[in-house]
Amino acid sequence: MKALLTNRNFAIGLLLTSVFVAGALISFLWTPHDTSGVDIANKLKKPLSEGYLLGTDHFGRDILSMIMVGARTSIAVAFVAVGIGIVIGVPLGLAAAASKGSLMDEVIMRSNDLVFAFPSLVIAILITAIFGPSAVNAIIAIGIFNVPVFARLTRGAALSLWQRDYVLSAQVAGKGPARISFEHILPNVTNLLIVQGTIQFSLGILAEAGLSYVGLGAQPPIPSWGRMLAESQTMISFAPHMALLPGLAIVFTVLGLNLMGDGLRDIFDPRIRREKR
Amino acid sequence: MLRYTFSRLQSLILSLVVASIVIFATVEIVPGDPASFMLGMNAQPDTIAALREQLGLDVPLWQRYLHWATGLLGGDFGTSYTYRTAIAEMIAERLWISLPLAIYALTLSTLIAFPAGILAATRRGSAADVSVMGFTQLGVAIPNFWFAMLMVLVFAINLRWFSAGGFPGWENPLLAMKALTLPAVALALPQASILARVMRSALLDTLSEDYVRTARAKGLTRRQTLWRHALRNALIPVLTIIGLQFSFLMAGAIIIENVFFLPGLGRLVFQAISQRDLIVVESVVMLLVFAVIIVNFAVDIAYAIVDPRLRGNR
């Protein structure tokens with residue numbers, strides 16, 4: 001734990017990320033203002049106006065409250081998408097490594113390559129064209145793209161672990177490949193998965209923002225950072241704060257997660273810490 | 001080399017076939033019949049049936065797939081449900097914006113990333129290195145469409161150097177390039193950040209290799225060693241990333257086109273989605289995936305030309 005907090009990248013990243021996670025959690029209980037109502041009398045207030053720390057939008061909605069509730073959408077979408085990637089991708093990667101060179105390995109890796117050929121936005125477009133835009137479909141689109149990322153990472157790491165002596169002794173002791181994968185391989189790839197998970201989390205937040213910006217993500221009235229930006233676009237010349245603030249929220253969250261990922265990588269792998277940085 | 005190319009070609013064709021089946025199957029399970037959607041709520045059943053026949057929706061699924069796939073091979077993408085025009089023409093027209101935009105952005109990103117990455121790697125730990133790394137950290141965290149909006153605010157609205165959107169056409173190439181400049185910069189920023197980081201770490205790896213020490217020992221200057229030995233070897237991972245980035249640029253262009261109201265492929269797709277013109281969606285998605293698969297194939301081949309060791313594997 002001490003190693004975690006003395007790593008500068010990790011500490012700064014954790015601080016930034018916690019601010020937004022806390023904002024999202026608090027928004028379930030309390031927000032400075034209601035985000036569902038329209039209050040035209042108070043529209044387009046500048047930041048630091050009385051009662052509105054970050055100002056209001058063209059409907060008079062409090063931007064701070066919107067960002068807090070929007071954080072919920074971003075974090076939930078990205079989190080579940082990473083979850084999908086791990087829950088499907090890791091077992092696939094383990095199975096591919098355990099059966100290296102077999103037909104199953106080949107099929108798993110080839111399908112991964114195929115999914116990689118579809119940029120996540122293109123998957124999202126396909127899904128949206130069929131089932132209509134929604135937060136759930138955004139999660140599926142981003143999640144599908146995460147599967148090959150985790151499958152490849154797990155397979156690559158597991159392949160070298162299969163050469164270790166302790167795996168050999170487990171085989172001699174009569175453990176099957178499935179049991180070895182879960183008892184001996186998985187615990188040793190967890191660090192890698194955590195680092196990659198942090199990075200995919202930040203990519204997920206960016207992807208969700210992009211999707212809801214073009215109207216393929218969470219639908220109104222659920223606030224999302226991407227749609228706040230889309231709505232601000234026509235008003236950018238006289239109300240630039242509407243465009244600046246949700247954008248900064250995205251940048252800080254993503255930056256925080258990336259710094260955390262870098263920090264974790266250094267902590268888990270002291271070799272890299274000495275050599276590369 | 002020939003055998004390697006052939007095996008890559010085989011998997012290229014396989015990927016294309018599987019991708020086309022996946023895309024076709026996904027779009028075909030869509031609830032809702034395009035014919036009844038086009039004719040509206042009050043259409044007579046026999047009108048719908050007639051239109052279904054005209055659109056070729058009355059034949060079995062696999063026949064429609066074969067028809068569509070063989071059409072694609074001959075450059076015939078079918079006919080748009082809503083506009084009744086050949087999709088190939090619609091796509092070709094839009095491609096003249098999306099493709100130059102992606103190439104423009106790729107060029108910019110490479111032009112920024114190479115010097116930045118080389119500077120950071122050769123002066124590792126210096127102020128230059130620290131600031132390049134800081135900028136790239138920020139560059140990957142900024143959503144490109146937001147960056148685009150900020151550039152519109154500064155360079156189009158406040159300074160009036162560029163127009164805020166739209167495309168004047170290619171009659172005047174200079175004006176056209178100008179209209180694509182802000183979108184290309186917005187697309188290039190995150191890609192340049194990633195590429196600069198890859199360049200830096202690849203160069204740091206090669207700079208610590210034995211052959212670099214040998215080159216220095218035989219009397220080459222630092223600069224000569226860098227250009228003749230280190231940089232050439234560092235290009236291999238960099239090339240892979242450039243290939244991968246192409247797919248992100250094509251996808252990114254879809255969003256950026258919306259910021260700048262550019263009538264490219266991205267806007268075509270969104271129009272088609274809202275009009276349930278699924279055959280257009282299908283064809284554009286197939287084209288994008290096709291482009292990505294082809295580029296990755298080209299990178300694989302380029303890779304094998306640069307590094308003969310790779311030809312044996314796979």
Two-site FRET efficiency, B:Ala92 against B:Ser126, from Cβ-Cβ distance with R₀ of 51 Å, rounded to 0.05: 0.55
Total formal charge among the other residues, if their Cβ is under 14 angstrom from that of A:Leu229, Lys/Arg +1 and Asp/Glu -1: -2
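What does the convex hull of the Cα atoms of chain B come to per residue, in Å³, rounded to a whole number?
Numbers: hull volume 55.1 nm³, N = 314.
Dividing the Cα hull volume of chain B by its residues yields 175 Å³.
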Two-site label geometry, B:Thr47 and A:Lys43: point separation in nm, points 7 Å out along Cα→Cβ: 4.0 nm
Amide H partners (placed H, <5 Å) of B:Thr79, local residues excluded: B:Ile87
Dipole in debye (nearest 20) - the range B:92-311, about Cα centre, beta carbon charges: Lys, Arg +1; Asp, Glu -1: 960 debye
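Subtracting the Cα-Cα distance from 0.36 nm times the residue separation, let me have the gained length for A:Phe79 to A:Met104 in nm, one decimal. Before the final figure, lay out each step's value.
Numbers: separation 25, 0.36 × 25 = 9.00 nm, distance 2.89 nm.
Result for the pair: 6.1 nm of gain on full extension.
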P(r) histogram, all alpha-carbon pairs of chain A included - 5 Å bins from 0, percent: 1, 6, 11, 13, 14, 14, 12, 10, 7, 5, 3, 2, 1, 0, 0, 0
222 nm mean residue ellipticity, helices alone, for the protein assembly as shown (DSSP H n ≥ 4; -39,500 (n - 2.57); rounded to 500): -24500 deg cm²/dmol
Spherically averaged projected area in nm², based on the convex hull that wraps the Cα atoms of the range A:49-111: 6.3 nm²
Low-density loop positions, chymotrypsin sites (Phe, Trp or Tyr not before Pro), the range A:1-97 - DSSP coil, at most 15 other Cβ in 10 Å: A:Trp30, A:Phe59
The protein assembly as shown, accessible surface, carbon-and-sulfur percent (1.4 angstrom probe): 66 percent
Cα centroid of the range A:36-64 to Cα centroid of the range B:100-170, whole Å: 32 Å
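Using the Kirkwood formula on the Cα atoms of the range B:121-214, what hydrodynamic radius do you get, in angstrom to one decimal?
Values: mean 1/r = 0.0637 Å⁻¹.
Result for the range B:121-214 stands at 15.7 Å.
Excluding A:Ser102 itself, what net charge comes from residues whose Cβ is under 15 Å from its Cβ, given Lys and Arg +1 and Asp and Glu -1? It would help to have the intermediate numbers written out before the result.
Values: positive: A:Lys100, A:Arg110, A:Arg155; negative: A:Asp105, A:Glu106.
Result for the neighbourhood of A:Ser102: +1.
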³J(HN,Hα), Karplus 6.51/-1.76/1.60, whole Hz, each residue of the range A:34-45, x for Gly, Pro: 6, 9, 8, x, 10, 9, 4, 4, 9, 6, 6, 6
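Counting only protein heavy atoms and rolling a 1.4 Å probe, how much accessible area do A and B lose on contact, total for both sides, in Å² to 100? Let's see the in-between values first.
On the way: alone 14230 and 17530 Å², together 28110 Å².
Counting protein atoms only, the buried area is about 3700 Å².
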Square roots of 5 times each gyration tensor eigenvalue, C-alpha, the range B:137-283, largest first, Å: 40, 19, 14
Acute angle (nearest 10 degrees) that the helix B:265-274 long axis makes with the longest principal axis of chain B, alpha-carbon atoms: 40 degrees
Two-site FRET efficiency, A:Phe182 against A:Leu4, from Cβ-Cβ distance with R₀ of 35 Å, rounded to 0.05: 0.85
Between helix B:173-207 and chain B: long-axis angle, C-alpha atoms, 0 to 90°, nearest 10: 50 degrees
Euclidean distance of C-alpha centroids, the range B:199-225 and the range A:236-256, integer Å: 43 Å
Cα centre as origin, Lys/Arg/Asp/Glu Cβ charges: the protein assembly as shown dipole, Debye: 2580 debye
Helical segments meeting 24 Å axial Cα length and Kyte-Doolittle -0.5 threshold in chain A (DSSP H): A:8-29, A:63-98, A:135-161, A:186-213, A:240-268
Label point distance in nm, A:Asp269-A:Met235, each placed 7 Å from Cα along Cα→Cβ: 4.6 nm
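What accessible area per residue, rounded to a whole number of Å², is obtained for chain B using a probe radius of 1.4 Å?
Working: 15740 Å² over 314 residues.
Here the per-residue accessible area is 50 Å².
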Scattering profile of the protein assembly as shown at q = 0.07 Å⁻¹ [log10 I(q)/I(0), Debye over alpha-carbon scatterers]: -0.48
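The values are calculated or read from the model by the stated rules, or taken from the named source; none is laboratory data. Just so it is clear, the model here is predicted, and its values are computed rather than measured. Methodologically, a virtual Cβ is constructed for each residue, glycine included, from the backbone with ideal geometry; neighbour enumeration extends over all protein chains shown. Each accessible area value is taken on the protein alone, full model and side chains, heavy atoms only, with ligands, DNA and RNA left out. Shrake-Rupley method; radii C 1.70, N 1.55, O 1.52, S 1.80 Å.
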